[in-house]
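So the structure is just underneath, and the comments pick up after that.
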Amino acid sequence: MENQDLGRLLRETADLLEVAGEDAFRVRSYRKAAEAVESCPERLADLCADRKRLLALPGIGARMADNIAEMVSTGRLRLREELIERYQPGMLELLKVQGLGPKTVSLIWQTHRVATLDEVEALARAGRLRELPRLGAKAEEKILRAIANYRSVRGRTLRATAEPIVEEVVARLRARPEVRQAAVAGSFRRGCETVGDLDFLVAGPDLGHGAEPPVIAAFLALPSLAETLAQGENKVSVRRHDGLQMDLRLVPEASFGAALQYFTGSQSHNVKLRQRAQRRGAKLNEYGLFDAAGASLAEGSEEAAIYRQLGLDWIPPELREDAGEIEAAAAHALPALLAPGDLRGDLHMHTVETDGRATIEEMAEAARARGYEYIAITDHSQALAMAHGLDETRARAHIARIRAADAVFAAGTPPLRILAGIEVDILADGRLDLADDVLAEMDVVIASVHSRFDQSAAQMTERLLRAVAHPSVRVLGHATGRLLLRRPAYQFDFARVLAACRDHGVAIEINASPDRLDINDVQARACAQQGVAVVINTDAHHPRHLDFMRYGVATARRGWLRAADVLNTLPCAQLLARLARR
Ligand code: DGT
Ligand code: CA
Ligand code: CA
Ligand code: ZN
């Protein structure tokens, strides 16, 4: 078991103990242990043999050390299993619903003795939850929405969570001597923001036969696997402890490209492509492209050859959603998609002045190390008290600090420009959170909603329209407010806001933070079609977060964006000219 698996079991145990009404101290000890385990740089499974070192970890006492030893040796924790038995396994799923914490779940259990999603939903629909102490009709409605939202995201994993797993699996597959080619396909290859499962392909001249070819044995020996779901001669499916499923398929070398095409999908892209093949009297499948007599028409080892033989330019995986890409490929009119190297700066990041973890200089240094020509420092405004947001006085002092840092970094090698900005809150009525004259001093004003997500669509639309019309606003930040797998977008009329952004020359952000990716791919495409500039920002709160840019680029590519559609591909002088005019 890996550290994060141990951490998850401990966390689940803490939640179950809380449901059981155990004392807060005991509950907390499991949560603290989970944190210690997850942040430990060494693998606990290795460290475990030396009990002294285990006990040296913060928050790990004798009892917890026993728990860890038990999990490492047996893969389970008896206490957790006893609790699950008491409440039925449904309880664990219930606890995963965002907005249904252990306290509420415990309350529902104590009154109604139910522990499944369906049962809790039925109670809410019947109006029985509002009768419980501390819950009301509004809470009941919230629970219903939370359950619906959970159902729609259940079983999906953030791209950023899947990414290191993909890298490790592909590296391990490639390292095998009998493997000539290994790749990830499916939604991950298409750059999707979340994935249902991971699809891996390997090919080689002799991958072996019989019950268990060595590459399958190696796949089954990967860390963190919980169970094998299906196993055949050429295919195996597994589930990891964190719930993520992974498929591995062994394909003949001569079919690698065809298989890569087939398993990259999407399904609707594949359907269209197969129809095109049929119209040309050919047959396309995961083994290749064949004529009526079964003779191969395309060298099946190369994906591009399949497209070529069908009269198409090669289609980047991000576009394969049957959204016009096949027609465009036939007309040789596919866009030259934005590439990561096209970005020259990042216009949304926070510092220690509000809720960031690093100073202006540290963020600037990190940006320079990533080859950027400019950044904007955009801390929060006062309404976000939790983040220690800036009032007018502090905002002015912060601008002065940014200008001073800019003078130093602009003269450095290589030079980096630091622009003065702010992420100003859009208040409930659409006014901005800082006085106009302070906003006017900024190079970049990003306006964002951080409160009152529950407004009606009409109210929210008016709120956003008013903010966009403010003469200082240059960028609309994370426009829909969604948090992937956690919180759906708030309701508003995107088309009207988009039109207003066009009229006022306001850019719309693709917030590249991996749990936001806000706006999404489809909305990004609408921006380009309506002539609204997009800016891709990381919203970094730590120098490391500057690397989130690649998730935003994936979303932009899925939205058909070219470099020319994205503001922060401009050289600094042109960017400043563009920001000055509106
Ligand atoms: P996901 O896993 O939900 O994020 O989405 P995908 O696109 O990775 O879907 P998945 O894993 O079911 O299948 C990967 C690709 O393989 C899919 O995009 C198209 C192809 N594929 C899989 N099963 C079928 C099938 O039954 N029929 C067809 N036409 N294509 C399939
Ligand atoms: Ca998949
Ligand atoms: Ca799959
Ligand atoms: Zn924000």
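List of remarks:
- Separation between Cα centres of the range 436-490 and the range 525-559, rounded to whole Å: 17
- Integer Hz, Karplus 6.51/-1.76/1.60 couplings in order for the range 551-557, x for Gly and Pro: 5, x, 5, 4, 5, 4, 5
- Within the range 14-60, the percentage of alpha carbon pairs spaced more than 18 angstrom apart rounds to 37%.
- Cα-projected label distance for residue 227 with residue 50, points at 7 Å along beta-carbon direction, nm: 3.7
- For the range 3-153, diffusion coefficient by Stokes-Einstein and Kirkwood Rh (Cα), 4 °C, 1.567 mPa s, µm²/s: 78
- Shown in residue order for the range 457-464 are the 3J(HN,Hα) couplings computed by the Karplus curve 6.51 cos²θ - 1.76 cosθ + 1.60 at θ = phi - 60°: 4, 5, 4, 5, 4, 4, 4, 5 Hz (x for Gly and Pro).
- Evaluated at q = 0.11, 0.16, 0.25 Å⁻¹, the base-10 log of the normalised Debye intensity for the range 35-120, with identical point scatterers placed on the Cα atoms, takes the values -0.44, -0.76, -1.10.
- Low-density loop cleavage sites - trypsin sites (Lys or Arg not before Pro) in the range 111-187, where at most 10 other Cβ are within 10 Å (DSSP): 113, 134
- Take the Cβ atoms of residue 530 and residue 139, set R0 to 60 Å, and the FRET efficiency comes out at 0.95.
- The slack between residue 339 and residue 279, meaning 0.36 nm per residue of separation minus the straight C-alpha distance, is 18.2 nm.
- Under 20 Å from the Cα of residue 272 - aspartates and glutamates, other chains or at least 8 residues apart: 286, 291, 302, 303, 313, 318, 321, 322, 325, 327
- Percentage, to the nearest whole number, of Cα pairs in the range 474-569 over 20 Å apart: 29
- Once both labels are positioned 7 Å from their Cα atoms along Cα-to-Cβ, the gap between residue 562 and residue 122 label points is 5.7 nm.
- Ligands, DNA and RNA left out, the accessible area of the range 479-522 computed with a 1.4 Å probe is 50% carbon and sulfur.
- DSSP finds beta bridges in the chain, and of those with both partners inside it, around 45 percent are antiparallel.
- Entries in 32/103; 32/96; 52/103 that, when Cα-Cα distance is taken, lie over 24 Å: 52/103
- The alpha carbons of the range 184-319 occupy a box of 45, 36, 18 Å along the principal axes, longest dimension given first.
- Averaging the sequence gap over all C-alpha pairs within less than 8 Å and six or more residues apart, then dividing by the number of residues, gives the range 3-153 a relative contact order of 21 percent.
- Mean sequence separation of contacting Cα pairs (under 8 Å, at least six apart), scaled by the length of the range 271-411, corresponds to a relative contact order of 13 percent.
- Loop-located trypsin sites (Lys or Arg not before Pro) in the range 237-319 (DSSP state not H, G, I, E or B) with no more than 15 neighbouring Cβ atoms inside 10 Å: 280.
- With all projection directions averaged, the alpha carbon convex hull of the range 89-141 covers 3.2 nm².
- Taking all protein chains into account, the per residue accessible area for the range 214-261 stands at 36 Å² (1.4 Å probe).
- Efficiency of FRET between residue 359 and residue 74 - r from beta-carbon atoms, R0 41 angstrom, step 0.05: 0.30
- Debye log10 I(q)/I(0) for the range 407-492, one point scatterer per Cα, at q = 0.15, 0.16 Å⁻¹: -0.61, -0.66
- Quotient of the Cα radius of gyration of the range 340-581 and 2.2 N^0.38 Å, N being its number of residues: 0.92.
- Normalised by the number of residues in the chain, the average gap of Cα pairs under 8 Å and 6 or more apart makes the relative contact order 9 percent.
- Alpha-carbon Rg with Dmax, taken over the range 85-175, Å: 17.4, 60
- Debye log10 I(q)/I(0) at q = 0.12 Å⁻¹ for the range 257-330, Cα point scatterers: -0.25
- When both bridge partners sit in the range 332-462, DSSP labels roughly 5% of those beta bridges antiparallel.
- Per DSSP, loop GluC sites (Glu not before Pro) in the range 1-104 with at most 10 further Cβ within 10 Å: 42
- In this structure, residue 217 and residue 352 have a Cβ-Cβ separation that, at R0 = 51 Å, corresponds to a calculated FRET efficiency of about 0.55.
- For the chain, the spread of Cα positions along the three principal axes, ordered from largest to smallest, is 75, 67, 55 Å.
The values are calculated or read from the model by the stated rules, or taken from the named source; none is laboratory data. Just so it is clear, the model here is predicted, and its values are computed rather than measured. Heads up, the Cβs are rebuilt from the backbone with ideal geometry, glycines too, and the neighbour counts pull from every protein chain shown. Heads up: the accessible areas ignore ligands, DNA and RNA and are worked out on the full protein's heavy atoms, side chains in. Shrake-Rupley method; radii C 1.70, N 1.55, O 1.52, S 1.80 Å.
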